[in-house]
Amino acid sequence: MFKKIFDFVKSRLFITAFLLCCIFLLSILFWFWGSLVAFNDIYIFSSSFLRFSIILIIWLIVFLFFLLKPIINFISSLKSEKRLKFKVLKKEADEFIYKSKRNFFLSLKDAKETWKNDLKTKNLPLIIIIGNEGAGKSTFINYSDIEYPLSDSLESYKKFHKSTRNFALYVSKKGALLDTEGNYFSQEEFFKPTSSDEIPEDDIDKNRDFLIKKNIWKKFLTFLNKNFFHSKLNGIILVVDTVIFLNNPKEYSKNLIRYLTKRVNECEKTLNLKLPIYIVFSKLDLIEGMKEYFDIFDKKISDKILGLSFDKILSEEFLNNEFKELSDSLLCSLMSKNSHIYNIENKNKSYLFLKQLDNLFALAKTFILEVQEENKLKNNSYLRGVYFVSAYQENIPRNFLLDAICEKYNCKKVLSKSNIIHNKQSYFVKSLLEDLIFTDYSLSTMKSYSKKLSFLIIILIISFGTYAISSYFISKNNKEFEKSQNTLRSLQLLLKDQDYQNLNIKQKADFLIELRNILNTYPELWQDNNIFQYLNLNLSYKGFKEAKQLYYKLNEDVLKNT
């Protein structure tokens, strides 16, 4: 803590700011009290014009010393080709951000118009869904059996199943989901350096897509700071494509962990939040036997949650025990329903499905531990759970365990049957969202209490400063009013029953001396005007300018008759 403060005090930024503040303070002091400086009883700085000129020259020197070079560099950079390219990129990113914000507000408006008084957005959690392109994020949302307001985007997705472009907000009565384009999650894939010292800005044309995606992602996170829901953000869901994960666990997992850590870090920095992270394995239906296994149960099975929730730091032993309990529970359920399965092929598929799940659990355990290890090095957010879902079934499932054996022994893989499973039954999605993730909204907290404290201190300083300034001006106003009233009464007493024309020279001189003494209550009457009088509220003297003119006229009259 103290090392950071000491390093900041030694930094060029702090020293420059400190010097500028000192020069500014000295300028103020010189303006107000420079007129009192004298050499051999000669007040060389008595002229306000001279003081202003000296201050202006000093600040011109400061300007030339500190700011001239940066300004010249800035002006020259305006004409550079690279800057023009950056400007074009920024403009394109701004267009995407504009569309994102527009669609965001349209979704909010649709929700409010649909549910009217039943919807209070400040009570709704906001969950962001991230993952690779084609991982099943949009399917996870659109086929969750959760009611959303009817919209063109919702109908369009169910017709064509196209991937989300940009951002899409879905608002339900229990929470809001923010779907994101997969390329924002894996934006680093667009950056392919040819050397170790290359950065994206070195070649704008080659890294154009990366720079645009990066810019849009950061700007949209900044937009979430406006806090439209219960919090700026209440959680992060990482959707993992189960098929790719099983086929290429090492490379796919490595990239997922790298991208997840970066995206979470950006969310934390931009929103200053500590968030729960949910890992969801999608497309469970592509594991052969899932349909046969869950067909032996009541349809209400789809309203359950399949997975594990965590509330502490994970260990390998803990995950082994938890996954074993989950696997044993699924196996016991199959055995209890064994007599209801009359087809031997379906029995085999159901049993092999559980064995494939065990394989997935083992890989998921390793993946979770690696995520935790990498995440805790850079982020404060934490893993809340790992879950398995199937939102929509329209694919040809495979036996990945058999495929793995064939690959290991260089055997030809078994061809899949051409019967495509087509089922719109959503398994384990609705309950996962509504009963778990949406109810965890209180788990998102501010990352750093020091920022909370800093914010509170700033508020207190502003409040105290406002009170002090207001008190000063009110007190100053009252004093000036009282001062003017006393001066006015003194003038009235002096001029009362006074016949100036009948006074002799000595009486007139005494009269002038007394008038001068009364007017000397306001030294400003005898000085040049300056703008700081308005800031200090030293303006009541202006009401006695006519008395000053009277003094000058009477003084001339006395001098003429002397």
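The values are calculated or read from the model by the stated rules, or taken from the named source; none is laboratory data. Values in this document were obtained by computation on a predicted structure and should not be read as measured data. Neighbour counts are summed over all protein chains in view; Cβ atoms, including those assigned to glycine, are modelled from backbone coordinates with ideal geometry.
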A careful count of residues in region 280-316 that are within 20 Å of Ser381 (Cα to Cα) and among the basic types (Lys, Arg) gives 1
Among (1) assigned by TED's automatic domain parsing to the domain that holds Leu238; (2) modelled with pLDDT of 70 or more, the one test that Lys417 misses | (2)
So, first residue of a type outside the set (Lys, Arg) in region 39-50, second residue in a loop (DSSP other than H, G, I, E, B) and at pLDDT below 75, Cβ within less than 8 Å, six or more apart or across chains; the pairs are Tyr43/Val37; Ile44/Val37; Ile44/Ala38; Phe45/Val37; Ser48/Asp528; Ser48/Asn530; Leu50/Ile44
Is it the case that Lys283 is of a type in the set (D, E, K, R) and surrounded by 22 or more Cβ atoms within 10 Å (Cβ to Cβ)?
-> yes
Is it the case that Ile97 is modelled with pLDDT of 80 or more and not in a helix (DSSP H, G or I)?
-> no
Inside region 261-310, the number of residues satisfying the requirement of being in a helix (DSSP H, G or I) and under 20 Å from Tyr351 (Cα atoms) is 12
In the set Phe464, Phe428, the lone residue that is at pLDDT 70 or above and at positive phi is Phe428
Does region 225-241 contain at least one residue that is of a type outside the set (D, E, K, R), under 25 Å from the mean Cα position of the chain (by Cα), surrounded by fewer than 20 Cβ atoms within 10 Å (Cβ to Cβ) and more than 22 Å from Ile146 (Cα to Cα)?
-> yes
Could you tell me which of the residues Gln485, Gln501 is out of contact with any Cys (no Cβ under 9 Å at 6 or more places or on another chain), over 17 Å from Lys548 (Cα atoms) and without any contact (Cβ under 8 Å) to a residue 12 or more places away in the chain?
-> Gln501
Answer yes or no: is there a residue in region 183-190 that is of a type in the set (D, E, K, R) and touching a strand residue (DSSP E or B) at 6+ places or on another chain (Cβ under 8 Å).
-> no
Return the residue satisfying two criteria in turn: it lies in region 95-115 and is exposed (fewer than 13 other Cβ atoms within 10 Å of the Cβ) and among the acidic types (Asp, Glu), and of such residues it is nearest to Tyr170 (Cα to Cα).
-> Glu113
Report, by residue number, each residue of region 100-145 that is at pLDDT 90 or above, closer than 22 Å to Ser444 by Cβ and assigned to a loop (DSSP other than H, G, I, E, B).
-> Leu124, Pro125, Gly131
In region 29-59, the residues that are in contact with a helix residue (DSSP H, G or I) (Cβ under 9 Å, 6 or more places away or on another chain), β-branched (Val, Ile, Thr) and either part of a helix (DSSP H, G or I) or modelled with pLDDT of 75 or more (or both) = Ile54, Ile55, Ile58
When only residues in region 340-376 that are free of Cβ contacts under 8 Å to residues at least 40 places away in the same chain and under 30 Å from Ser442 (Cβ atoms) count, which is surrounded by the most Cβ atoms within 10 Å (Cβ to Cβ)?
-> Phe361
Sort out which residues of region 351-386 are assigned to a helix (DSSP H, G or I) and either under 21 Å from Glu266 (Cα atoms) or β-branched (Val, Ile, Thr) (or both), and write them in order of number.
-> Thr366, Ile368, Glu370, Val371, Gln372, Glu373, Glu374, Asn375, Lys376, Leu377, Lys378
Requiring at least 3 residues that are under 16 Å from Ser100 (Cβ atoms), of a type in the set (Lys, Arg) and modelled with pLDDT of 90 or more, the helices (runs of 4 or more DSSP H) wholly within region 173-248 are 208-223
